[in-house]
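Here is the structure we will look at.
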Amino acid sequence: MSLTLGSRNGCVMQSEIRAMSIACAHAGGINLSQGVCDTPVPAEISISTEESLRHGYNTYTHYAGLGILREAIAEKQRHYNGLDVDPDSEIVVSAGATGAMYCAFQALLSPGDEVIVFEPFYGYHISTLVAAEAIPVFVSLDTPGWTFTAQKLEHVVTSGTKGIILNTPSNPSGKVFSRQELEIIAAFAARYDLFVFTDEIYEHFVYEGEHCSFASLPGMKARTITVSGFSKTFSITGWRLGYSICDARWAAAIGYFNDLVYVCAPAPLQAGVAEGMQRLDEGYYRTLSEVYKEKRDRFCGVLAEAGLAPFVPQGAYYVLAEVGHLPGETASERARFILDTTGVACVPGSAFYGTGRGENLVRFCYAKEDAVLDEACRRLCRLR
């Protein structure tokens, strides 16, 4: 007998992001590759989570999450995104936004279903689609503004198309889709009766334009699975708390997969975030965007000085930069050159495109405390 790996193994190979993080650790460098977000956790969240531990939130929760957290999410969605959501039947708390999306794909997609993905894309979206045995179909966004046309969507849709993924603000491009662009997607989704899976984890990191939650558009709530979470907003990426919001018909099935795969998200962390959200006001979210806009402006300025022309992001906390002039034949070789020369890790742009594209780009993450970001900027200037 010859033992082999299963056929699904190919879709969960180590990502370029983690590979560069490991290389950075070996080099003792500054990791601007992975979006770990090592800025401080808000005191309101830390304190309320400590209290929840003392109050004995130690057992399984409902598979869809604690009621107090689902109620807090519903209130936040109503206040910030204009969404009227039933916390009892339309919200599923999961193990991070990635867990929420995994369960949504498993529940709503069948093997062979096609799902349209804008590129540059976030690699986990692709891996998670493939794990559900769905087929990603790419629509490239055009630079410099990361734009698309309705004709591009029409060109790729087939009888097998089941959905479309929308990531706004976007990782890695930092694009914030305008309302006009969202309306084009909405009309397209309605015309072909598609699910729209949205990743809105960076909704509070917006510098130009404004975040419009897709499900808030007329007629879109019934077909939209809104995915978001707390990892980025509260700098708690390791807590693994995310959620999906959708029509009760879809939420029940998503919840059953969530129960199967994760049972529930960590109970005391759910309680802590729920209480902490009640203690935070609009000023927190407004300040978050202001602080990260300053980081963006400072970091993009240094990239330009270092000869790495940045595509200045409208939102999120990543920036793609041009590196075609650096030594190397591929984006991976150029990213390694940057690490070897400066001690700063980034991600090859090819990680965010289909085969053969993105070779002249790399992605940096600037979700760092100021002292770390300042040192990274100083090192990157060695490339001048």
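Points to keep in mind about this one:
- When residues in the range 333-356 are screened for being more than 18 Å from Val302 (Cβ to Cβ), open to solvent by 40 Å² or more (accessible area, probe 1.4 Å) and not in a loop (DSSP other than H, G, I, E, B), 3 of them pass.
- Applying the condition of being within 21 Å of Trp250 (Cβ to Cβ) and either among the charged types (D, E, K, R) or out of contact with any helix residue (DSSP H, G or I) (no Cβ under 8 Å at 6 or more places or on another chain) (or both) to the range 190-217 and asking which residue is surrounded by the fewest Cβ atoms within 10 Å (Cβ to Cβ) yields Asp193.
- Glu359 meets each of the listed conditions (1) open to solvent by less than 50 Å² (accessible area, probe 1.4 Å); (2) of a type outside the set (Lys, Arg); (3) touching a helix residue (DSSP H, G or I) at 6+ places or on another chain (Cβ under 6 Å) apart from (1).
- When Ala304, Ala367 are screened for being among the aliphatic types (A, V, I, L, M) and part of a loop (DSSP other than H, G, I, E, B), only Ala367 passes.
- Any hit, the range 95-116, residues being under 30 Å from Ala274 (Cα atoms), acidic (Asp, Glu) and either crowded, with 22+ Cβ neighbours inside 10 Å or in contact (Cβ under 8 Å) with a residue 12 or more places away in the chain (or both): no
A quick yes/no check of all residues on (1) surrounded by fewer than 21 Cβ atoms within 10 Å (Cβ to Cβ); (2) assigned to a loop (DSSP other than H, G, I, E, B):
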residue: Thr128; (1), (2): no, no
residue: Phe138; (1), (2): yes, no
residue: Gly145; (1), (2): yes, yes
residue: Glu154; (1), (2): yes, no
residue: Ile165; (1), (2): no, no
residue: Asn171; (1), (2): no, yes
residue: Lys175; (1), (2): no, yes
residue: Ile184; (1), (2): yes, no
residue: Phe188; (1), (2): yes, no
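- Flag for Val196 being over 30 Å from Lys368 (Cβ atoms), of a type in the set (Val, Ile, Thr) and modelled with pLDDT of 95 or more: yes
The values are calculated or read from the model by the stated rules, or taken from the named source; none is laboratory data. None of the values given here were measured: they were computed from a predicted structure. Methodologically, a virtual Cβ is constructed for each residue, glycine included, from the backbone with ideal geometry; neighbour enumeration extends over all protein chains shown. Only protein heavy atoms, including side chains, enter the accessible area calculation; ligands, DNA and RNA are left aside. Shrake-Rupley method; radii C 1.70, N 1.55, O 1.52, S 1.80 Å.
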